[in-house]
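The values are calculated or read from the model by the stated rules, or taken from the named source; none is laboratory data. None of these values were measured; they are calculated from a predicted model. Here the Cβ is made from the backbone with ideal geometry for all residues, glycine too, and neighbour counts use every protein chain on show.
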Amino acid sequence: MTVIVTDRGFADDDWVEGAALDLPTSTDPETLRGQLAGVTMVRVQFPSFADGRGFTLARQIRRMGYVGRLRATGPLIADQYAMARRAGFDEVEIPPDLAVRQPEPQWLARANWQAHDYQSRLRA
Amino acid sequence: MYHYNDFDEAFVRERVSQFREQVARRLDGSLSEDEFRPLRLMNGLYLQLHAYMLRVAIPYGTLNSAQLRQLAYIAERWDKGYGHFTTRQNIQFNWPQLADVPDILLALADAGMHAIQTSGNTIRNVTADHFAGAAADEIEDPRPYAELIRQWSTDHPEFQFLPRKFKIAITGAPNDRAVTKAHDIGLRMVRDANGAHGFEVIVGGGLGRTPMIGKVLRAFLPTADLLPYLEAVVSVWNLAGRRDNKYKSRIKITVHELGIEEISRQVEARFLETRAEFKGGDQAILAEIGSHFAPPAFAPRSTAAYEAARSANPAFRSFADTNLAAHRAQGYAIVTISTKAHGATPGDMTAAQMRVVADLALAYGHDEIRISHEQNVILPHVHKADLPALYLALREAGLATANVGLISDIIACPGMDYCALATARSIPIAQEIATRFDELGLEQDIGALKIKISGCINACGHHHVGHIGILGLDRAGVENYQITLGGDATETAVIGEKTGPGFAADEVVDAIERLVRAYLALRLTDDEAFVATYRRLGAAPFLDALYQREVQIHAAE
């Protein structure tokens, strides 16, 4: 089973409330305008940790006013957790073998993503 | 000079400890080699031909003496006693051990320096006019803006896994010494009709295998909109840039394929969104940064000693004529220290030489040092009264070569002597050309001529924009050097034109000599520079000389 990573560490997936909007990282954010009303879960599916489009996609989804749950799904690495949170994701969903290779402490090490953040200073 | 505040200081130290953990996690298997690779690259660590290479940022080319001393210390403690200044205002150490790298990064942090985003698919070290803050032709010192961009681009959460690298250059002067038209984004300070300062934003320039001169994306961007506009450009490209082919992923290709109008439309739309997110914090930080770059207290002093030394010492006069540039303050000069003694490796400097330069900067140069993309070292604020003493000290250290802007002031990439990507050697060709023209005694007579050498198609040696460009390739296992002519790296930037077949390693210096001798015979006056003669006459007479064609045959065509 996949593992959900949040600032509190690892957890099982608690999402049960029906349909989520699943988006590949190739999604043009302009096609989402007007499509997010009533959506409570958006999952952005990273095909590889090296595909950084999902971070910009998350920013654009937040810029459109989406306030529901936003999840990055795929083989992201623990070192990207802070980037995902800063870009607007609430949580990261990783495959089980990755959770074994990069256990919970490696992710919790970046739960301090609000610290040492140039962007929040520049946008104050 | 910018000095880290508590936030910057804590940031770089946190980053070093993160990297130390990443190295440990690579060794214990938590990180695969594929996963570790971008992490080490975004911390400046390459795996090269023989060893790791650490590329340290010299942000916008500015250093103080304490920082240069720290680079000397690193070179001796963890490397082979020297460093290599690059065409992007970085310094490279070619022989570090992986296990030592976190300690090296900590030593950098101790001096207010870092190696962050000097590599990888990130926004790279922002480069700037190396005469910034000193040049007589400047509208405004661009370095506060460059520092603002450094802070914004550092660890930017959206832009750590871009389609490819992204390079920004900035200049505050109309004479472009920062090659802004060959960068992903070039920023040229301009004034609007009311005299307000802003930037002409140039996008999609670049060298490499598909050389392109950048196009104007915005003719006038108010300075206050700099960060939201840059964010809009990189955000649009992060989604639109190609990820299927790394040779087509740079923004120059995106601009080429979508067209400048479509890119502009998308950027302006995104800009409306990004601008709303900047509420003045960036401008408060910019104002604070600006206070660090207040000009030194320039003092009026007599220049009689300088004039006397010029009259008495022809070697000093030659150095002064070649290596000085006009300073904005009365009685001052900008001094360029050449790393290109004839036969030396362009861009290399020993730890001992670094300490000499640091001492001289402290004694005579208001504690400021610059590194140029032309791989030289600059003391931007020296009073002419101090030049005779400075010259003697430089000569003692082997640093008084009077060749800035001349044929032996060659840009050369590390080439196959160091680089894993290279297809041919660059450094020996540069050394042989410099030595040849020194022996011929023609260098001063030839005058301004920029030769730039790259050891592969990636063009780190900027050969496309050299008056004479040399590109080293591998032809069936044999080094072969192709020559381009008429390139220009300045505000009138053009890509040089290819000539015909290339030359073997033992033929290329003779070929360059034939080109130069043709120029000497063709120029109208001694003051007509090589590139001016080339523009006046076109390629034909140079090609005749290069390929030793009978001129009569050409005349009969």
Worksheet item: Are there any pairs with C-beta distances below 8 angstrom linking a residue in the stretch B:535-546 that is loosely packed, with under 14 Cβ neighbours inside 10 Å to a residue that is in a helix (DSSP H, G or I) and at pLDDT below 95, with the two at least 6 apart or on different chains, and if so which?
Response: B:A540/B:H554
Practice prompt. Please name all residue pairs, on different chains or six or more residues apart, with Cβ atoms under 6 Å, provided the first residue is in the stretch B:32-60 and is farther than 18 Å from B:Q22 by Cβ and the second residue is of a type in the set (G, A, S) and assigned to a strand (DSSP E or B).
Written response: B:Y60/B:A128
Item to complete: Quick one: which helices (runs of 4 or more DSSP H) lie wholly within the stretch B:235-352 and hold at least 2 residues that are within 14 Å of another protein chain (Cβ to nearest Cβ) and within 30 Å of A:P47 (Cβ to Cβ)?
Response: B:251-258, B:260-277
Worksheet item: Cβ-Cβ below 7 Å, separation at least six or inter-chain, first residue in the stretch B:1-24 and closer than 13 Å to B:E288 by Cα, second surrounded by fewer than 18 Cβ atoms within 10 Å (Cβ to Cβ): which pairs?
Response: B:M1/B:H292; B:Y2/B:H292; B:H3/B:H292
Item to complete: Return yes or no: is B:A320 buried (at least 19 other Cβ atoms within 10 Å of the Cβ), hydrophobic (A, V, I, L, M, F, W, C) and within 27 Å of the chain's Cα centre (by Cα)?
Response: yes
Worksheet item: Can you find even one residue in the stretch A:99-110 that is among the small types (G, A, S), in contact (Cβ under 8 Å) with a residue 40 or more places away in the chain and not in a strand (DSSP E or B)?
Response: yes
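Criterion first (more than 10 Å from chain A (Cβ to nearest Cβ) and under 19 Å from B:D100 (Cβ atoms)) does B:M53 satisfy it?
In short, yes.
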Worksheet entry | Whichever residue in the stretch B:1-19 is within 18 Å of A:Y81 (Cβ to Cβ) and not hydrophobic (A, V, I, L, M, F, W, C) and, among such residues, is farthest from the other protein chains (Cβ to nearest Cβ) | B:S17
Worksheet entry | Filter result (surrounded by fewer than 17 Cβ atoms within 10 Å (Cβ to Cβ) and either in contact with a Gly (Cβ under 9 Å, 6 or more places away or on another chain) or among the aromatic types (F, W, Y) (or both)) within the stretch B:233-262 | B:Y247, B:H256, B:I260
Worksheet item: Condition test on B:L105, is it within 24 Å of B:I168 (Cα to Cα) and in contact with a helix residue (DSSP H, G or I) (Cβ under 8 Å, 6 or more places away or on another chain)?
Response: yes
Worksheet entry | Positions within the stretch B:349-361 being touching a residue at least 60 places away in the same chain (Cβ under 8 Å) and buried (at least 19 other Cβ atoms within 10 Å of the Cβ), in sequence order | B:M349, B:A351, B:M354, B:V357, B:A358, B:A361
Discussion item. Could you go through the stretch B:502-522 and let me know if any residue there is of a type in the set (S, T, Y) and over 21 Å from B:D409 (Cβ atoms).
Written reply: no
Worksheet item: Could you list, in sequence order, the residues of the stretch B:227-267 that are small (G, A, S) and farther than 30 Å from B:I285 by Cβ?
Response: B:S249, B:G259
Practice prompt. Determine if the stretch B:170-193 includes at least one residue that is at pLDDT 95 or above, within 14 Å of another protein chain (Cβ to nearest Cβ) and crowded, with 24+ Cβ neighbours inside 10 Å.
Written response: no
Worksheet item: Would you say B:A75 is touching a residue at least 24 places away in the same chain (Cβ under 8 Å), among the hydrophobic types (A, V, I, L, M, F, W, C) and buried (at least 20 other Cβ atoms within 10 Å of the Cβ)?
Response: yes
Practice prompt. Please find, within the stretch B:26-39, the residue that is surrounded by the fewest Cβ atoms within 10 Å (Cβ to Cβ) out of those that are assigned to a helix (DSSP H, G or I) and either more than 11 Å from every other protein chain (Cβ to nearest Cβ) or in contact with a helix residue (DSSP H, G or I) (Cβ under 7 Å, 6 or more places away or on another chain) (or both).
Written response: B:E33
Fill in: All positions within the stretch A:84-117 that are under 22 Å from A:I61 (Cβ atoms) and within 11 Å of chain B (Cβ to nearest Cβ)
A:A84, A:R85, A:R86, A:A87, A:G88, A:F89, A:R110, A:W113, A:D117
Worksheet item: When you go through (1) in contact (Cβ under 8 Å) with a residue 60 or more places away in the chain; (2) not in a strand (DSSP E or B) one by one for A:I4, which number turns out not to apply?
Response: (2)
Item to complete: Being part of a helix (DSSP H, G or I) and either under 17 Å from the mean Cα position of the chain (by Cα) or surrounded by fewer than 22 Cβ atoms within 10 Å (Cβ to Cβ) (or both) is the filter here, so list the residues in the stretch B:40-66 that pass it.
Response: B:L41, B:P59, B:Y60, B:G61, B:S65, B:A66
